1. Go ahead and estimate [θ] at 222 nm for the chain from helices alone: -39,500 (n - 2.57) per DSSP H run with n ≥ 4, summed, over the residue count, rounded to 500.
2. Can you tell me the length gained on complete extension of the stretch Ala113 to Ser582, counting 0.36 nm per residue apart and subtracting the Cα distance?
3. Extension gain Glu38-Thr56, at 0.36 nm per residue separation less the Cα-Cα distance, in nm?
4. If the only charges are +1 at each Lys and Arg Cβ and -1 at each Asp and Glu Cβ, what is the size of the charge dipole of region 76-211 around the Cα centre, to the nearest 20 debye?
5. In whole percent, what relative contact order does the chain give with Cα contacts below 8 Å and a gap of six or more residues?
6. Amide H neighbours of Thr90 under 5 Å, counting only residues 5+ apart in sequence or on other chains, H built in-plane at 1.01 Å?
7. Order 662-671, 243-252 from most to least packed using the mean count of other Cβ atoms within 10 Å.
8. Calculate the FRET efficiency for Arg389 and Ser293 from the Cβ-Cβ distance with a Förster distance of 35 Å, rounded to the nearest 0.05.
Amino acid sequence: MKWLFHGFCVALLMQSAAHAQLTRAIDIRTLPYERSLEKLPVDLTATIGFVESGSTVFVQDVTAGTHLHFKPVRNDLRVGDEVRVKGTTTAGLYFPGVDVSELQILGHTAPPAAVPATYDDLATGRFHYQRVVVEGLGRTLTPLDENRSLLRLAMGSRVIEVRIDSPPESAPAVIDTRLRITALAAGGINDRRQLVFPYLRVTDWSDVVITQKAAAPELLPIISVAALLRFGSADEPHHRTRIRGTILAAFKDGRVFLRDVTPPPPPRDTKKDESPKPLLSPSIAIRLNSSASLRPGEVAEIIGFPVMAGFSASLADAHVLTTEAAEPPAPAAVSLREFQNGSHDADLVQLTPPAVLNDFFRTNDGYELSLTFGGNSIRAFLLQNTIPRFELGSVCQITGICLVESATTDKGFRSEPDRASLLLRSVDDIRVLSTAPFWTARNLVMAIILLGGLVLITLVWITFQRRQITRLERKIVHQATLDERQRIAREFHDTLEQELTGLSLRLDAAATRPLEDKARSLLENSRSLVSRIQSEARNLVSDLRDTEQATTLADALQLLASRAPDGIAIHLDFHPVPPIPSHVTHHLRMIAKEAVTNALKHANASQITLHLSSIPTLITLRIIDNGRGFDPSAETHGKPGHFGCIGIRERCRKIHAEAEWQSQPGQGTSVIVTLPL
């Protein structure tokens, strides 16, 4: 009883805990997803930190922050309202919140205290749906939608979006300005309840405080491209930089490539056995935040934020200050090694070795070309929608912007390019030196395929003709055999059978005269012998003239049984057998006929059974009689004037079958023929 009472108390405590109300924001936001679906009761007192709409607000207490949802909507709530909320838990997109059933405004106070946060704090969701304070450098400001702004803020080396519920027209000067922003930490959530990217929500510009104003663009010093992002050049994040150079290429997507006109930096240290390398005017890739009408050859002043892009420094979120007309730039003639070592990254180059155009295909931005320079494969990109009129295999002179696609660290802490490609300004950057010969790899493959097709068609035609010839040969042989059988049948009928008929008539005439008993007996035996010979001759002629070919072995044996002499009973015991060739059927039929003839002629049998059956590996034919029997070992290997058993063995050898005689004197005979399948 004591243990029973203890268990009952534990159950009551567990049930009470299961239905206990959640009173802290931290308990709600850390609730497991499955538990949040149970609609647990909530009684929370907190302060509103951000109002998204009439149906969603974000609140905080001393423990953490969470989100509230209303039905119907409420438009009387403000940031700083202290509220008491009753409702049930809801799963939310990222972590659980509250479906509000009852809300009471307790008063109005200061907004919840904002905590300092780094980009990593925001990316990990540590302060998600809570008020935070961040600091950074304003990079761009654009309209987000009607009456809302999108500010991109550089926080160290990372850039985060700040979405402000006020139009850009009411904003202070935020570009290249150090800012302190109080905002709600939020972000984009996927269907797996994962934070894809963080962003910040701000009610109005009053939450954006300028801590350091930006310098006027025209007062920024012009610096060399080679001096960007060097050690000690500036603190992080980097302010805007002003550069001056010649436009090499400008594309519709805002990419601009510029060759510096300021004095180049001193060359790197060279080894004693090497000659000093010529001074290079470095080039730079620039991404404008708005499209600008620039032409190659113009000298332009551009300001932007220096960032590392791939292998070399670049300018991001840039815009053009001034432009001056000048001569079109000349490409730098470079070898394949110089092209690949990164010294001409973002520069306009012309590869000195000619290239062979191997292939080109459509991409999202235009066309990608596959080129071969002295056995090395290089990609080139042409940004146009129309199909270029290129002939594969052509030898070309290629000019374009060198793009180092990636970098790798080699020995000695030095970064070297992994691979480089070309960005073509237009189709004119490809100058065809010589067209492809006719026997290109593609044409050769097509010729081989065509020749192979002709050979295949020829082989098929030859095979068809051979089959036609084989059919004709079989038809001719069959017709010749039929003609010969009919000729032999005619000869038998016109000669032997007629002579036998004449002999039979003479014997009949002799039998009418008075004769001695011995002579009369001899005469009767002779008449019987002639009759049997006549019957055999007629059967032979019938077989020769019989053009009806039995389709199966069973049909052939049934036809044989139908020709049995009167008074002889032939019993058929047939079981299903698989189809066999016609010549095999003929030999088995003749073997059966010979065995039946022997049983009638020599064994005086009165009852004969033809048995036919099969197993998966062979066919068995049995001819069983009730005759007087004999000794197989002495009588089946041939005797003068007797060749029936020898003929059976010869026919078996032709069809790879085996014959066996089972007999004893006075007990009948069984001839067993087995044919392997």
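Bear in mind these aren't lab numbers, they're just calculated from the coordinates by the rules spelled out. None of these values were measured; they are calculated from a predicted model. Backbone-built Cβ (ideal geometry, glycine too); neighbour counts: all protein chains shown.
1. Rounded to the nearest 500, it is -8500 deg cm²/dmol.
2. 158.4 nm
3. 4.4 nm
4. Dipole of region 76-211, to the nearest 20 debye: 420 debye.
5. 5
6. Placed amide hydrogens put Gly97, Val98, Asp99 under 5 Å from Thr90.
7. Going by the mean number of other Cβ atoms within 10 Å, highest first, we get 243-252, 662-671.
8. Result of the calculation: an efficiency of 0.80.
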